[in-house]
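Colleague: Before we start, here is the structure in question, set down as structure tokens.
The values are calculated or read from the model by the stated rules, or taken from the named source; none is laboratory data. Everything quoted here is computed from the prediction, not taken from an experiment. Please note: Cβ atoms are built from the backbone with ideal geometry, for glycine as well, and neighbour counts cover all protein chains shown.
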Amino acid sequence: MTTVFRISLLLLLAGVFLGDIVVASIGLAGLCGGAVYVSILQDAEAPAPVESEFIA
């Protein structure tokens with residue numbers, strides 16, 4: 001996944017420096033899509049609540 005982030009960032013920077021809005025947009029969409037994907041993966045890994053051993 002890191003490779004996809006790097007390629008997207010390079011596309012974004014190349015598009016900005018070259019003035020090509022299409023390339024910059026593709027890079028930005030890749031970065032945003034990757035961030036959403038990672039966020040979804042982190043939400044799916046939430047640990048289940050553990051019952052307390054304390055008995056009153």
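Colleague: Tell me, please, whether a residue that is part of a helix (DSSP H, G or I) and touching a residue at least 24 places away in the same chain (Cβ under 8 Å) can be found in the stretch 39-56.
Modeller: Taking every residue of the stretch 39-56 in turn, none turns out to be part of a helix (DSSP H, G or I) and touching a residue at least 24 places away in the same chain (Cβ under 8 Å).
Colleague: Taking the stretch 31-56, which residues are at pLDDT 85 or above and of a type in the set (A, V, I, L, M)? Break it down stepwise before answering.
Modeller: Taking the stretch 31-56 first, the residues at pLDDT 85 or above are 31-41.
Listed by number, the residues that qualify are 31, 35, 36, 38, 40, 41.
Colleague: Before we move on, is residue 28 within 17 Å of the chain's Cα centre (by Cα), modelled with pLDDT of 85 or more and hydrophobic (A, V, I, L, M, F, W, C)?
Modeller: Judged against the criteria, residue 28 is a match.
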